[in-house]
Amino acid sequence: MKKTRSFLDSTYEFLSRRPVYHGLFWLVLFGLMIWFDQSDGVDFWFALGNELIQLFFYATLVYLNLLYLIPNYLAKHALIYFGLVLASCAVVTPIEVLILYFKFDDQSGYRESLVDQQILIFWGNLLVTIVSTGLRVIMDWWQYQTEKQVLLTQTMQSELRFLKSQINPHFLFNTLNNLYALTLKKSDKAPEIVLKLSEIMRYMLYECNERRVQLSKEIHYIYNYLDLERLRQPKDADIRFVVEGQVGDQMVAPLLFVPFLENSFKHGLNHNITGGGFVRLKLKAEKDRLEFFIENSKVEHIPKQNHPRSGGIGLVNVRQRLDILYPNEHKLEISDEPHRYTATLTLKTTS
């Protein structure tokens, strides 16, 4: 399988070289031109000479078009471009006809038909030139899309690396502080906290490097995250996570829900100084559809911080990542009220 893939990759790389696919194009066109002449009963060597001349003028027009007219005029001055294409064909066609006329020196019948078919030769030259324009536009569009896809993939990977590096360091720092306090008290909860923290770190570092991960792993990550958050939140904080539906083999993008989760605490419970705040999550899983809902309480005026904020990514980054990962397959609704913030994400899942 690897050998076959390596062979296909090598073949594609070879055919992608400009001299190769240009050479193949002219070879195929030349073969078709001779075949059409042969189908009309024309002698092979006679047809070969005629089509070589015609091919030369086709190539002249095509490369004049590709190397000069398109780069300098098509995008900036379309009308001038088409005018120059017509002028080029109008200049080249009489020269081509003249050369063929001298070639048919001893064949008066071909000379007469050649004179009568000058307009057809002109239209043939124009057609080949316009086709080369269409192919160039398609190739440029294809190259642009390929480069865009590579850029989007790199952006997605960068966003994921950024997200992983920014999983709130204050969250980890506070968890370690709480763990230290539990160890001083010799609490039975300390080993459980260590286990949950290690699971979070393992998942972030090793298991979420793929484009898609199992939904069950994302859910397990959220449970661990919330359990650790409960350690540092007030006792009366209402932190809930409800999973509805059947969680099977659905696959989702890694760390997809983390920005919403982090922001709900960073901009919500962390500022509810008087207590009584809440973070409530609900995930409804279907076979090919997923709905994630999160709401958190918030204070009307966030207290001013003396240190710069860290961790998490902004809503703009979240939307960009969703556009890359789930183009036309997701819906994100945000509601920002004075004392309550909600986000609902609906997306299609794969198995």
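The values are calculated or read from the model by the stated rules, or taken from the named source; none is laboratory data. The structure presented is a predicted model; accordingly, all values stated were derived computationally and were not measured. Using ideal geometry, Cβ is built from the backbone for each residue, glycine included, and neighbour counts are taken over all protein chains shown.
For this structure, a couple of remarks:
- Checking the stated criteria, residue 248 turns out to be surrounded by fewer than 20 Cβ atoms within 10 Å (Cβ to Cβ) and within 28 Å of residue 324 (Cβ to Cβ).
- The condition of being surrounded by 14 or more Cβ atoms within 10 Å (Cβ to Cβ), farther than 20 Å from residue 123 by Cβ and under 41 Å from the mean Cα position of the chain (by Cα) holds for only one of 80, 70, 34, that being 70.
Condition check ((1) hydroxyl-bearing (Ser, Thr, Tyr); (2) at pLDDT below 90; (3) part of a loop (DSSP other than H, G, I, E, B)) across all residues:
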| site | (1), (2), (3) |
| --- | --- |
| 194 | no, yes, no |
| 210 | no, yes, yes |
| 218 | no, no, no |
| 230 | no, yes, no |
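- Residue that is farther than 30 Å from residue 140 by Cβ, modelled with pLDDT of 80 or more and either in a helix (DSSP H, G or I) or not assigned by TED's automatic domain parsing to the domain that holds residue 101 (or both), where the choices are 26, 35, 45: 35
Results for (1) buried (at least 21 other Cβ atoms within 10 Å of the Cβ); (2) under 26 Å from the mean Cα position of the chain (by Cα); (3) aromatic (Phe, Trp, Tyr), shown as yes or no for each residue.
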{"residue": "205", "(1), (2), (3)": "no, yes, no"}
{"residue": "232", "(1), (2), (3)": "no, no, no"}
{"residue": "268", "(1), (2), (3)": "yes, no, no"}
{"residue": "278", "(1), (2), (3)": "no, no, yes"}
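- Only listed residue being out of contact with any strand residue (DSSP E or B) (no Cβ under 9 Å at 6 or more places or on another chain) and modelled with pLDDT of 80 or more, chosen from 291, 337: 337
- Among all residues of region 80-102, there is none that is touching a residue at least 60 places away in the same chain (Cβ under 8 Å), touching a helix residue (DSSP H, G or I) at 6+ places or on another chain (Cβ under 7 Å) and among the aliphatic types (A, V, I, L, M).
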